[in-house]
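Notes follow once the structure below has been shown.
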Amino acid sequence: MAKEYNFREIEQKWHRLWTERQTYKVSEDESRGKFYVLNMFPYPSGAGLHVGHPLGYIASDIYARYKRLQGFNVLNPMGYDAYGLPAEQYAIKTGQHPEKTTFANIDRYREQLDKIGFCFDWDREVRTCTPDYYKWTQWAFQKMFYSYFDEELQKAQPIEKLIEKFKKEGTWPSDEKAQSDLLMQHRIAFLGETMVNWCPKLGTVLANDEVVEGVSVRGGYPVEQKKMRQWCLRVSAYSQRLLDGLDTIDWSESIKETQRNWIGRSEGAEIEIKVYNEEQGARSKEQENTDSSSNPLAPCPLPPAPVSFTIFTTRADTMFGVTFFVLAPESELVDMVTTPEQRAAVDEYIKYVKSRTERERMIDHTVTGVFSGAYGINPITGDKCPIYIAEYVLAGYGTGAIMAVPAHDSRDYAFAKHFNLPIIPLVEGADISEESYDAKEGIVMNSPISPDKSVAYDGESLCLNGLSIKEAIAETKRFVKAHNLGRVKVNYRLRDAIFSRQRYWGEPFPVYYKHGIPTMIPEECLPIELPQVEKFLPTETGEPPLGNAQIWAWDEVNRKIVDKKLIDEKTVFPIELYTMPGFAGSSAYYLRYMDPHNDKALVSPEAASYWQNVDLYVGGSEHATGHLIYSRFWNKFLFDLGVSKTEEPFKKLVNQGMIQGRSNFVYRIKDTNTFVSFGLKDQYDVTPIHVDVNIVKNDILDLEAFKAWSPEYATADFVLEDGKYICGWAIEKMSKSMYNVVNPDMIVENYGADTLRLYEMFLGPVEQSKPWDTNGIDGCFRFLKKFWGLAQSILNNPNNQNTPSAEELKALHKLIKKVTSDIEEFSYNTSISAFMVAVNELSQLKCASRAILEPLVILIAPFAPHIAEELWESLTTDASLRKGESVFDAHWPQYEEKYLVETSVKLGVQFNGKVRFDMFFPADATPEQMVEMVTSAPEAQKHLEGMQIVKTIAIPKRIVNIVVKPC
RNA sequence: GCCCAGAUGGUGGAAUUGGUAGACACGAGGGACUUAAAAUCCCUUGGCCAGUGAUGGCCGUACGGGUUCGAUUCCCGUUCCGGGCACCA
């Protein structure tokens, strides 16, 4: 008796059996090769999963199952990035503890995930907010605190080595505070006074990747620059290694390029500029006068004028075109160079700059600036050039000071035009009358303008005339280095990561303040658990939320957390009130999955050696400058420590595209409760209204469901076309407010998980963003029903021991070949197509051979595991050989070329590149034989008549083309 | 402004190293079965033209050129869409 395809029964059965049999439990197995598949773990939001979330999970699940069938020991874990802002904000609103809502959300996620049938080893689940997990986040932070980055070795080293070095040099201070301050400048995790992105609305600082165009990524609130003492990670130290590593990993070019941009390496030179002496002389005199005077109204003593300052340039070749220097307004040099005459003007300008927000500065690029009154001396030409202060120079990049070459830099050009400063062209043939010539191509001139315009050092003076720009850059660098005028320098745009947040729902720092000196709580005492608080908001005194915690002081003697009241600054000290940012917990989770229950180490050396790193990582490209940089940094640090066994954490990265929503609209005739169908709406004055896509099928509205949808529409009237109400549609972001959220549970309920899996993959390439369109899902459902039907007809055929026919074997082996190569390339949509073709072929051949069905079931197993398991069981019940085993313990079939051999091939025969007719050729025909056959074929004669053959092209299995021309 | 990726029917998308463009699926149209619906099955489906018809011809992979016997594929230029970086010297 042929059974119906009852997906509900089948899927429930196998979910149960998989759990009972622990089908997906993995452990280290030296006898088999490992393969580590990983998804970016989700943040469990309150909204639950929509159909976009599982896209990547399904893609990686297919790959994981495929690899397992190929004999690999596959690690495919899942967990939750459980710390996050939404839970905290919800807690502030409702008073519910974020842990409670987070865990409830996790349960909901788990339930939804289980329905889709993933092969996750749930014994390895991690949650970043549980103490046994964040113990190792805190541990890694402490390791970073106790390490510094050795520039020479280009790797992290224990801080003791640095102390030794200082002691040897005699620069090690005796004062404890001074020691702490000195080491802070070198530690990889350090407390730094830096300009930070402060978001007043969120009440916290944000990392650079959390701010876009001057507003916070979360919430879109304005962000301002503020100087604050914060924990930072010295990510910038790893800039070069982060850059070099990109060449060794299999990631998309666009993601690598994004990271290269973000790291922003630029090679240049730092050159020392002396401040003009005469000014300094005048100022010294004035200072003396002030000092000798006892007049209380006398101006404050001027700070000492600096002897020199350093500028950074990537265009060392343009030294002869410098006509002024510019300092960033925030630079400490400003106060030092400003002359008394210009003091008022400069102060006013600084005030103006401070009044502008980051956002204003980013959008508005009008030229502003002020003369400092001082002059700098160009060391190459000996020229005296004015020093300006202008906001277009950034304090945070390079040295905060530049040399301005208006002829060849557009920003300098605009500034020079505005302030009427000279412009000296340096490139032959470059027209600089309207704009600067910024390109690094051309031949250098005017360098120097005349021989006496180049200062000689040790008898050598610089001349670049006639060189290409590239040569000139190299020559200038050599000259500067040789005569000690500066040094060659590489700058990176990548900044250190700000690692503290003024929030509650995050990892607490295992740090206390002993007389104001940050001190690590001993490693054996970790984890330091997040304390309970009454309120999740900042305290009245402006402290972060942890300021509300009562039991939050460190007792050094008893080595435990005690009541704040006991703080005496002798043995009991206050604990850090900041918490760690979101990326702290997500930076090394892939290592924890290797050994998730180990309470002695983040990961045991054995597990780390076996699993190495992630072979396939699947997730969204929006993490390019956040998680994917931090994680690489974190891993490199742990690699330096010997904890991680590989330099790069993720060998291959696949970015799944976003699934957009496809919204549906109904059209209400103005001021009525009548709705007009899409095709007729232009005849009325209508308002489009979003309608829930779940009550629309193939753009046809379910009228009864619509009436039931909202009481407002209970009495709605409709103007139909062809008896149907057709809805309009648009592609928008999937969101609740547009009623276009499609929930995977609904699809699973109506079609089954196998259909959902198949359809999500059939929609198009995994990497591509595409709108969710439920319209096509029937095709995949039909296919599974056909597949099931084919299998049933084979299973129920009394003659099923038949040996398969040549056609059947050909169809099968064609499929094995196609599916195998497609899975390797993540071309799941085309392998599903190939399946559809093969099943149609086999159905038409009335295939009845079990020998065909068995490999067919294995082939479909990664895509539709439930149906495959069910059929596998049917195949093996009477044989009782493999009873109880999973199809995933079987072996992936190999295709055999002998079944695919064609005896003859049909090829298009062309004359002058145009296809004229088809012809059959023996599959092994040589090009000469093919041409011979064509020219003697009767159909060819009319094309050859009155013509002569100029050339013949014959490619076996491809094409035959005869080029002819009239005789 | 700089860098990266892309553009193929009504729709999602196929197309090995340049070799019969539009696989597969959806939608649409027609038909079979059925009291009817659902389900299932069969046929047609890029555009235009000619023909009763089998069929034949022309155009067609964003646009304009080029290389080639032959270009969706390679090269140059243009337009449009998406992504990243951006007073980074």
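With unit charges on the beta carbon (Lys/Arg positive, Asp/Glu negative), name the residue among A:MET228, A:GLY657, A:PHE718 whose Cα is farthest towards the positive pole of the charge dipole of chain A.
A:PHE718
Determine the dipole magnitude for segment A:779-838: charges of +1 sit on the beta-carbon of Lys and Arg, -1 on that of Asp and Glu, nothing else is charged, the reference point is the Cα centre, and the result goes in debye to the nearest 20.
Using Cβ point charges on Lys, Arg, Asp and Glu, segment A:779-838 gives about 200 debye.
Could you tell me the center-to-center distance, by alpha carbons, between segment A:1-50 and segment A:911-929 in angstrom?
When both Cα centres are located, 51 Å separates them.
Which of A:LYS165/A:LYS481; A:LYS177/A:LYS514; A:LYS274/A:LYS489; A:LYS914/A:LYS965 have a Cα-Cα distance over 22 Å?
Among A:LYS165/A:LYS481; A:LYS177/A:LYS514; A:LYS274/A:LYS489; A:LYS914/A:LYS965, the Cα-Cα distance tops 22 Å for A:LYS165/A:LYS481.
Using a cut-off of 9 Å between beta-carbons, work out the net charge of the residues near A:LYS651 (Lys and Arg +1, Asp and Glu -1, A:LYS651 not included).
After counting each charged neighbour, the total is -2.
Can you tell me how chain A classifies by the Cα gyration tensor, rounded, prolate or oblate, using a/c under 1.5 as the rounded cut?
Note, shape of chain A comes out prolate.
Where nothing but the Cβ of Lys and Arg (+1) and of Asp and Glu (-1) is charged, how large is the charge dipole of chain A around its Cα centre, in debye to the nearest 20?
1140
Tell me the GluC sites (Glu not before Pro) within segment A:366-434 that lie in a loop according to DSSP and have at most 10 other beta-carbon atoms within 10 Å.
Those satisfying the criteria are A:GLU434.
As an exercise, use a Förster radius of 60 Å and the Cβ-Cβ distance of A:LYS470 and A:THR674 to find the FRET efficiency, rounded to the nearest 0.05.
0.25
Nearest 0.05, what FRET efficiency do A:GLU622 and A:LYS25 give at R0 = 30 Å with Cβ-Cβ as r?
Taking R0 as 30 Å, the efficiency between A:GLU622 and A:LYS25 is 0.40.
If you take the square roots of the eigenvalues of the alpha-carbon gyration tensor of segment A:1-153 and sort them as a ≥ b ≥ c, do you get rounded (a/c under 1.5), prolate (a/b over b/c) or oblate?
Cα axes put segment A:1-153 in the oblate bin.
At 1.4 Å probe radius, can you tell me the per residue accessible area of chain A in Å²?
That works out to 46 Å² for each residue.
Using +1 at the C-beta of Lys and Arg and -1 at the C-beta of Asp and Glu, which of A:ALA607, A:TYR457, A:VAL480 has the Cα lying farthest in the positive direction of the dipole of chain A?
Positive-end residue among those listed: A:ALA607.
Cross-link list A:LYS135/A:LYS161; A:LYS135/A:LYS570; A:LYS227/A:LYS652; A:LYS770/A:LYS818: which exceed 32 angstrom alpha carbon to alpha carbon?
Cα-Cα > 32 Å for A:LYS227/A:LYS652; rest within.
How would you order A:840-846, A:468-474 from highest to lowest mean count of nearby Cβ atoms within 10 Å?
Listed from highest to lowest mean packing, they are A:468-474, A:840-846.
With a ≥ b ≥ c taken as the square roots of the eigenvalues of the C-alpha gyration tensor of segment A:1-59, please select rounded if a/c is under 1.5 and otherwise prolate if a/b is larger than b/c or oblate if it is not?
oblate
Out of segment A:22-67, which trypsin sites (Lys or Arg not before Pro) are coil in DSSP terms and have no more than 16 other C-beta atoms within 10 Å?
Filter output for segment A:22-67: A:LYS25, A:ARG32.
Hey, any idea what % of chain A's accessible area is carbon plus sulfur with a 1.4 Å probe?
Roughly 51 percent of what the probe reaches on chain A is carbon or sulfur.
How many angstrom separate the Cα center of segment A:429-496 from the Cα center of segment A:587-604?
One Cα centre to the other: 52 Å.
Pulled fully out, how much extra length does the chain show between A:LYS570 and A:ARG782, if you take 0.36 nm times their separation in residues and subtract their Cα-Cα distance?
68.8 nm
Report the relative contact order of chain A, percent, no decimals, based on alpha-carbon pairs under 8 angstrom and at least 6 residues apart.
RCO, chain A: 13 percent.
With a 10 Å radius around each residue's Cβ, average the other Cβ atoms per peptide and rank A:548-558, A:41-51, highest first.
A:41-51, A:548-558
How far apart, in nm, are two points set 7 Å out from the Cα along the Cα-to-Cβ line at A:GLN683 and at A:VAL915?
About 4.5 nm separates the two model spin labels.
Roughly how many Å is it from the Cα centre of segment A:800-867 to that of segment A:110-132, as a whole number?
32
The values are calculated or read from the model by the stated rules, or taken from the named source; none is laboratory data. Source: prediction; values computed, not measured. Please note: Cβ atoms are built from the backbone with ideal geometry, for glycine as well, and neighbour counts cover all protein chains shown. Keep in mind that these areas ignore ligands, DNA and RNA; they rest on the heavy atoms of the full protein, side chains included. Shrake-Rupley method; radii C 1.70, N 1.55, O 1.52, S 1.80 Å.
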